[in-house]
Amino acid sequence: MNTYKSASFLNPLRPTVVTIGTFDGVHLGHRKIIGQLNKIATEQDLDSVLLTFFPHPRMVLQQNQDLRLINTIEERTHLLAKTGINNLVIEPFTKEFSRLTAREYVETYLVNYLNAKVLIVGYDHRFGRNRDANIEDLRLFSKEFGFDVIEISKQDIDDVAISSTKIRNAINVGEIHLANKYLTSNFMLTGVVVKGKQLGKTIGFPTANLFISEDYKIIPKKGVYVVKSEIDGLAYYGMMNIGNNPTISEEPNKQTIETYFFDFKGNLYDKLLKIEILKRIRDEKKFEGLEQLISAMKKDEEFSKNFINQL
């Protein structure tokens with residue numbers, strides 16, 4: 001898959017089939033649309049193009065601080081690379097871009113930059129300044145500029161919207177197994193390992209403290225989880241605590257994401273890790289002392305290893 005930071009960089013050598021959307025999560029509903037994209041590309045000998053935008057339009061136009069996405073843009077790119085599409089275009093969404101008229105958008109981006117001969121969009125697709133244009137306007141433009149429009153059905157589009165909502169809700173309440181079912185891949189957290197208070201090391205559970213710079217990334221409900229990561233080309237399992245470490249932390253209002261990897265020995269500081277979340281074990285609890293905390297963590301480790309052995 002080729003990745004471009006703007007449609008203006010693509011310069012396709014042959015006509016393309018294009019679909020447009022956020023594709024947050026790259027879940028089952030999205031994969032159905034991408035499957036149609038790839039099918040048409042093969043049947044009509046076209047290059048496939050998925051056009052997405054970053055930042056999310058709501059971040060720019062509404063400055064919505066409550067918006068939380070399933071994937072960072074890097075995670076989304078990583079997942080889309082596995083879908084078989086030829087080209088991914090991540091168009092910078094700016095206020096200037098949002099002011100393009102419908103005609104300017106179609107003629108400049110879809111026709112001139114992307115050389116679209118087929119466009120796959122939803123029945124509710126809106127575009128242009130103030131999102132004034134709809135699919136009927138797009139059909140008129142298609143006749144003028146010589147491309148075909150394939151409309152994704154209302155049911156399929158609703159399925160995509162429902163899936164995204166269900167996934168976010170599942171993550172928010174800690175139902176990771178349900179989120180992973182819809183995603184068809186494991187929900188992941190990506191970040192850099194930074195130095196923490198090193199309290200875990202003092203009780204026999206040295207942890208990697210994950211810093212996620214993207215504040216729009218959705219974080220699961222506080223608790224303990226079974227996780228997996230690839231470190232230096234090898235798979236390692238472990239358990240992750242998301243929360244405030246109420247038993248031992250001196251900063252009870254500061255949330256941390258800490259992972260204890262089984263059977264790993266080495267320095268993880270400054271490493272970029274993608275950590276897949278496999279299963280929720282329990283809520284985060286405040287224990288009366290270190291002995292109770294250590295006992296609970298040993299039980300968490302036993303649960304995790306039994307779960308991993310059953311995979």
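The values are calculated or read from the model by the stated rules, or taken from the named source; none is laboratory data. Owing to the predicted nature of the structure, the values given are computational and were not obtained by experimental measurement. Every residue, glycine among them, receives a Cβ derived from its backbone with ideal geometry; neighbour counts consider all protein chains shown.
Taking the criterion of being out of contact with any Cys (no Cβ under 6 Å at 6 or more places or on another chain), surrounded by fewer than 18 Cβ atoms within 10 Å (Cβ to Cβ) and aromatic (Phe, Trp, Tyr), would at least one residue in segment 7-27 satisfy it? Yes, segment 7-27 contains at least one residue that is out of contact with any Cys (no Cβ under 6 Å at 6 or more places or on another chain), surrounded by fewer than 18 Cβ atoms within 10 Å (Cβ to Cβ) and aromatic (Phe, Trp, Tyr).
Scanning segment 71-94 for residues that are surrounded by fewer than 18 Cβ atoms within 10 Å (Cβ to Cβ) and in contact with a helix residue (DSSP H, G or I) (Cβ under 6 Å, 6 or more places away or on another chain) yields a single hit, Gly84. Go through the residues of segment 100-123 one by one and say whether even a single one is part of a helix (DSSP H, G or I), among the hydrophobic types (A, V, I, L, M, F, W, C) and in contact with a strand residue (DSSP E or B) (Cβ under 6 Å, 6 or more places away or on another chain). Yes, segment 100-123 has at least one match.
I'm trying to understand the selection: among the residues of segment 276-290, which are assigned to a loop (DSSP other than H, G, I, E, B) and within 21 Å of Lys217 (Cβ to Cβ)?
Scanning segment 276-290 gives a single hit, Glu284.
In segment 142-152, the count of residues that are in a helix (DSSP H, G or I) and among the aliphatic types (A, V, I, L, M) is zero.
To keep it simple, each residue is scored yes or no on (1) among the basic types (Lys, Arg); (2) surrounded by fewer than 13 Cβ atoms within 10 Å (Cβ to Cβ).
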| position | (1), (2) |
| --- | --- |
| Phe147 | no, no |
| Ser153 | no, yes |
| Asp159 | no, no |
| Lys181 | yes, no |
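Just checking, does segment 183-203 include any residue being surrounded by 20 or more Cβ atoms within 10 Å (Cβ to Cβ), within 24 Å of the chain's Cα centre (by Cα) and part of a helix (DSSP H, G or I)? Yes, because at least one residue in segment 183-203 is surrounded by 20 or more Cβ atoms within 10 Å (Cβ to Cβ), within 24 Å of the chain's Cα centre (by Cα) and part of a helix (DSSP H, G or I).
Determine which member of the set Leu268, Leu273, Leu293 is crowded, with 16+ Cβ neighbours inside 10 Å and part of a strand (DSSP E or B). Can you show your working first?
Working: Leu268 fails: part of a strand (DSSP E or B); Leu293 fails: part of a strand (DSSP E or B).
Selected residue: Leu273, the only one of Leu268, Leu273, Leu293 that is crowded, with 16+ Cβ neighbours inside 10 Å and part of a strand (DSSP E or B).
Exactly one residue among Ser185, Ser213 is closer than 25 Å to Phe303 by Cβ, among the hydroxyl-bearing types (Ser, Thr, Tyr) and modelled with pLDDT of 90 or more, and that residue is Ser185.
Can you tell me how many residues within segment 245-264 are surrounded by 15 or more Cβ atoms within 10 Å (Cβ to Cβ) and either at pLDDT 95 or above or under 18 Å from Ser213 (Cα atoms) (or both)? Don't jump to the end; show me each part of the working.
To start, the set of residues in segment 245-264 that are surrounded by 15 or more Cβ atoms within 10 Å (Cβ to Cβ) comprises 245, 247-249, 256-261, 264.
Among the residues that remain, those that are also either at pLDDT 95 or above or under 18 Å from Ser213 (Cα atoms) (or both) are: 256-261.
Total meeting the criteria: 6.
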